[in-house]
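The values are calculated or read from the model by the stated rules, or taken from the named source; none is laboratory data. This is a predicted model, so every value here is computed, not measured. Using ideal geometry, Cβ is built from the backbone for each residue, glycine included, and neighbour counts are taken over all protein chains shown.
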Amino acid sequence: MSHSIDDVHIPNPDFDPTDPHATGQGHHGHHIISAPTLMIVLLLLLFFTALTVGLSRGEVWVQDTFDIILPNWLNIIIAMSISVIKATLVGAYFMGLRFDKALNSIIMLVCLAAVVCFLFFTAIDLGNRDSVSAVRATVPTPGGTGEGLDKTADRFSTALSPRISTNRMPITEFRRTERLNELALKQAEDHGRIEPNDEDKAAGEAEFWRIYYQGYVDKGKHPHRHEHDEHNYFTKLPDHFAHHDDDALEPVSRPDVAGVADSSPNFSFRRTGKTPGLFSEGSEHASDHAAPASDH
Amino acid sequence: MATIDAPNPDIQATGAQTHPLYWKNRGFAHHFRNADEQFDACKLGMWLFLSTEILLFAGIFCAYAIFRMLYPEAWAAGSHHLDWRFGGLNTVILLLSSWTVASGVRAAQLGNNAALIRNLVITLICAGLFVFIKLYFEYIPKLSAGKAPGTFFSYPYAHDPHEPLWWSIYYIGTGIHALHVLIGAGLLIWVLVRAIRYEAYGPTEYTMVENSALYWHLVDLIWIFLFPLLYLIH
């Protein structure tokens with residue numbers, strides 16, 4: 001038996017000894033997702049969108065019709081669960097993670113774990129705010145006062161930032177007063193006066209609320225009495241508001257802004273600030289307002 | 001080894017097919033062993049970038065959660081100012097565009113340039129519609145009524161003193177999202193131009209379609225969470 005080099009058995013004639021793992025063969029194994037799969041995923045996504053909107057509207061309907069206020073967390077848990085399902089569908093099929101290399105999914109999951117940590121540590125921080133020492137107690141003005149902008153306005157004189165000082169009034173109150181003064185001044189001008197008198201102020205206030213309720217009527221919505229409408233201009237307005245009068249209805253109970261009051265099931269976070277001034281207007285000052293309420 | 005950087009002589013020497021960007025004329029960088037490896041590396045990079053994008057939005061979602069826990073009344077009052085019909089319509093538009101862009105990737109994988117162009121055009125129309133609805137029916141009426149963020153707030157009928165904070169979160173969340181819609185549309189226009197001019201994408205060369213599509217899906221993914229948080233939960 002003579003063996004020559006030509007007798008060496010080569011099982012695969014395509015074998016390239018310079019590329020033993022055949023890495024140079026070009027593209028292979030890219031998954032092409034079928035058109036029906038994509039269509040089914042789209043229909044599922046549209047279905048879940050309709051479901052989450054339907055459940056949310058259903059909750060409003062239940063509230064309006066039966067006067068049952070469902071707990072707020074129910075709304076959040078349902079909406080977020082549906083969102084997670086939708087996001088999984090988009091990630092797995094539209095973004096192709098299901099057919100992709102595992103590494104891409106791992107990156108995504110690690111990132112989501114980081115997001116969970118982020119939310120978790122923030123939540124336990126907020127949840128433990130009660131036990132923070134009183135050293136940091138200050139009296140915050142809800143919504144900000146615009147003071148910071150006043151101070152910086154001189155250094156960065158830019159037309160973009162509104163130079164306003166609200167005299168430590170919440171900005172919402174400030175804007176309300178601002179508009180009321182404007183309307184009172186307009187009433188005074190119409191009657192040839194320079195300074196608005198009490199009559200002008202009352203007429204201005206009536207006009208202020210007429211604009212508010214008219215906005216709802218224009219949109220074809222049922223206007224409800226605004227909680228800041230102290231003089232109940234709702235009932236003094238022209239006829240087309242009269243049959244919408246729901247003043248007889250009790251307003252939905254809201255937790256006191258001061259924070260220590262009862263928590264309604266419709267609001268998710270019971271705020272009992274032991275740290276003075278952190279959640280409330282400050283316990284030192286709260287007694288001024290709280291004292292009459294506790295008499296009842 | 002099938003590294004082909006020069007135009008393939010087998011292809012008829014007419015029009016786009018001689019162009020170096022024509023998909024059959026593309027090779028891969030010398031430091032990769034093959035085109036597959038280059039594709040996987042590009043995609044890995046894209047996923048790393050997308051994870052940083054998710055962390056960017058996580059900051060906004062976290063701020064939403066904090067202020068929602070602290071001021072639930074302001075959040076309830078604020079979300080009543082939003083119309084779920086515009087939010088819902090925009091959700092449907094984004095889901096449709098996500099589907100067309102996924103179909104576009106499929107068309108590129110199958111070498112169907114016409115279908116790729118068709119799908120990209122529909123996606124871009126959806127992007128335009130989304131931004132139009134956002135601006136014309138939501139941002140402009142709200143801003144002109146004074147429902148603006150922070151100290152720019154001048155709406156006189158607020159129910160809760162913390163409502164300016166709600167508007168800050170609303171404009172930051174939807175604004176950065178809308179910016180992403182515009183950037184994604186820009187990427188898809190780039191892809192579209194290359195597809196029309198050079199037939200740049202085919203079964204062995206569609207990295208740019210794939211990665212732009214991934215970006216577009218991320219935009220959709222973020223909106224899937226923003227929509228219920230802002231419009232539906234109250």
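So in the stretch B:107-128, with the set limited to residues that are in a helix (DSSP H, G or I) and within 11 Å of another protein chain (Cβ to nearest Cβ), which one is surrounded by the fewest Cβ atoms within 10 Å (Cβ to Cβ)?
Start the filter on the stretch B:107-128 by keeping residues that are in a helix (DSSP H, G or I), which leaves B:107-109, B:113-128.
Pick out the ones that are also within 11 Å of another protein chain (Cβ to nearest Cβ) and you get B:107-109, B:115, B:119.
Details: B:Ala107: 25, B:Ala108: 29, B:Gln109: 21, B:Ala115: 15, B:Asn119: 26.
Per the criteria, the residue is B:Ala115.
Which residues, taken from the stretch A:67-92, are of a type in the set (A, V, I, L, M) and closer than 18 Å to B:Trp99 by Cβ? Full working, then the answer.
Here is the first cut: in the stretch A:67-92, the residues of a type in the set (A, V, I, L, M) are A:68-70, A:74, A:76-80, A:82, A:84-85, A:87, A:89-90, A:92.
Across the stretch A:67-92, the qualifying residues are A:Ile85, A:Ala87, A:Leu89, A:Val90, A:Ala92.
Count, please, the residues in the stretch B:31-56 that happen to be more than 9 Å from chain A (Cβ to nearest Cβ), among the aromatic types (Phe, Trp, Tyr) and under 21 Å from the mean Cα position of the chain (by Cα).
Number of matching residues: 1.
If A:Arg193 satisfies all but one of (1) under 18 Å from A:Lys236 (Cα atoms); (2) part of a loop (DSSP other than H, G, I, E, B); (3) of a type outside the set (A, V, I, L, M, F, W, C), what's the number of the condition it fails?
A:Arg193 satisfies every listed condition except (1).
Within the stretch B:90-106, identify whether any single residue is assigned to a helix (DSSP H, G or I), away from every other protein chain (no Cβ under 14 Å), β-branched (Val, Ile, Thr) and free of Cβ contacts under 8 Å to residues at least 40 places away in the same chain, and answer yes or no. Show your work before the answer.
Our first condition is that a residue be assigned to a helix (DSSP H, G or I); within the stretch B:90-106, this holds for B:90-106.
From what is left, the residues that are away from every other protein chain (no Cβ under 14 Å) are none.
Within the stretch B:90-106, not a single residue is assigned to a helix (DSSP H, G or I), away from every other protein chain (no Cβ under 14 Å), β-branched (Val, Ile, Thr) and free of Cβ contacts under 8 Å to residues at least 40 places away in the same chain.
Working only within the stretch B:26-52, note down all residues that are outside any helix (DSSP H, G or I) and in contact with a helix residue (DSSP H, G or I) (Cβ under 7 Å, 6 or more places away or on another chain).
Pass one, the stretch B:26-52, residues outside any helix (DSSP H, G or I): B:26-34.
Passing the criteria: B:Phe28, B:Ala29, B:Phe32, B:Arg33, B:Asn34.
Could you identify the single residue in A:Leu51, A:Leu97, A:Leu45 that is under 25 Å from B:Phe49 (Cβ atoms), touching a helix residue (DSSP H, G or I) at 6+ places or on another chain (Cβ under 9 Å) and modelled with pLDDT of 95 or more?
On the way: A:Leu51 fails: under 25 Å from B:Phe49 (Cβ atoms); A:Leu97 fails: modelled with pLDDT of 95 or more.
Only one candidate qualifies: A:Leu45.
Report the residue count in the stretch B:158-168 for those that are crowded, with 23+ Cβ neighbours inside 10 Å and touching a Phe, Trp or Tyr at 6+ places or on another chain (Cβ under 9 Å). Spell out the reasoning first.
Here is the first cut: in the stretch B:158-168, the ones crowded, with 23+ Cβ neighbours inside 10 Å are B:158, B:160, B:162-167.
This time we only want the ones that are touching a Phe, Trp or Tyr at 6+ places or on another chain (Cβ under 9 Å), so: B:160, B:162-167.
Of the residues in that region, 7 qualify.
Condition (residue is among the hydrophobic types (A, V, I, L, M, F, W, C), under 30 Å from A:Phe118 (Cβ atoms) and within 15 Å of the chain's Cα centre (by Cα)) applied to the stretch B:139-149: is it met by at least one residue?
Keep residues of the stretch B:139-149 that are among the hydrophobic types (A, V, I, L, M, F, W, C), which gives B:140, B:143, B:145, B:148.
Subset that is under 30 Å from A:Phe118 (Cβ atoms): B:148.
Then keep just the ones that are within 15 Å of the chain's Cα centre (by Cα); that gives none.
No, the conditions are met nowhere in the stretch B:139-149.
Looking at the stretch B:198-222, which of the residues that are aromatic (Phe, Trp, Tyr) and surrounded by 22 or more Cβ atoms within 10 Å (Cβ to Cβ) is farthest from the other protein chains (Cβ to nearest Cβ)? Spell out the reasoning first.
Applying the first criterion (aromatic (Phe, Trp, Tyr)) to the stretch B:198-222 yields B:198, B:201, B:206, B:215-216.
Subset that is surrounded by 22 or more Cβ atoms within 10 Å (Cβ to Cβ): B:201, B:206, B:216.
On the way: B:Tyr201: 13, B:Tyr206: 9, B:Trp216: 9 Å.
By that ranking, first place goes to B:Tyr201.
What is the number of the single condition among (1) modelled with pLDDT under 95; (2) under 18 Å from B:Leu218 (Cα atoms) that A:Pro17 does not meet?
(2)
On the given criteria, is A:Arg210 out of contact with any strand residue (DSSP E or B) (no Cβ under 7 Å at 6 or more places or on another chain), within 22 Å of B:Pro161 (Cβ to Cβ) and either assigned by TED's automatic domain parsing to the domain that holds A:Pro238 or among the small types (Gly, Ala, Ser) (or both)? Break it down into steps so the answer makes sense when it comes.
Numbers: out of contact with any strand residue (DSSP E or B) (no Cβ under 7 Å at 6 or more places or on another chain): yes; within 22 Å of B:Pro161 (Cβ to Cβ): no; either assigned by TED's automatic domain parsing to the domain that holds A:Pro238 or among the small types (Gly, Ala, Ser) (or both): yes.
Judged against the criteria, A:Arg210 is not a match.
For the list (1) at pLDDT below 95; (2) assigned to a helix (DSSP H, G or I), I need the number of the one condition that B:Tyr171 fails.
Only one criterion is unmet by B:Tyr171, namely (1).
Which is under 28 Å from B:Tyr136 (Cβ atoms), crowded, with 19+ Cβ neighbours inside 10 Å and at pLDDT below 95, of B:Ala35, B:Ala74? Working first, answer last.
Working: B:Ala35 fails: under 28 Å from B:Tyr136 (Cβ atoms).
Among B:Ala35, B:Ala74, only B:Ala74 is under 28 Å from B:Tyr136 (Cβ atoms), crowded, with 19+ Cβ neighbours inside 10 Å and at pLDDT below 95.
For the stretch B:71-89, what are the residues that are touching a residue at least 40 places away in the same chain (Cβ under 8 Å) and assigned to a helix (DSSP H, G or I)?
If the condition is that a residue be touching a residue at least 40 places away in the same chain (Cβ under 8 Å) and assigned to a helix (DSSP H, G or I), then B:Glu73, B:Ala74, B:Trp75, B:Ala76, B:Ala77, B:Gly78, B:Ser79, B:Trp84, B:Phe86, B:Gly87, B:Gly88, B:Leu89 are the ones that fit.
Considering only residues that are modelled with pLDDT under 90 and surrounded by fewer than 15 Cβ atoms within 10 Å (Cβ to Cβ), which ones fall in the stretch A:163-177?
Scanning the stretch A:163-177 gives A:Arg163, A:Ser165, A:Asn167, A:Arg168.
For the stretch B:129-158, how many residues are more than 14 Å from chain A (Cβ to nearest Cβ) and basic (Lys, Arg)?
Within the stretch B:129-158, the subset more than 14 Å from chain A (Cβ to nearest Cβ) is B:129-136, B:138-140.
Restricting the remaining residues to those that are basic (Lys, Arg) gives B:134.
Result for the stretch B:129-158: 1.
Those residues that are part of a helix (DSSP H, G or I), touching a helix residue (DSSP H, G or I) at 6+ places or on another chain (Cβ under 6 Å) and more than 8 Å from B:Ala74 (Cα to Cα), I need them from the stretch B:152-164; list them, please. Lay out the reasoning, then the answer.
Quick first cut of the stretch B:152-164, residues part of a helix (DSSP H, G or I) only: B:152, B:163-164.
Filter again for touching a helix residue (DSSP H, G or I) at 6+ places or on another chain (Cβ under 6 Å), leaving B:163-164.
B:Pro164, the sole residue that qualifies.
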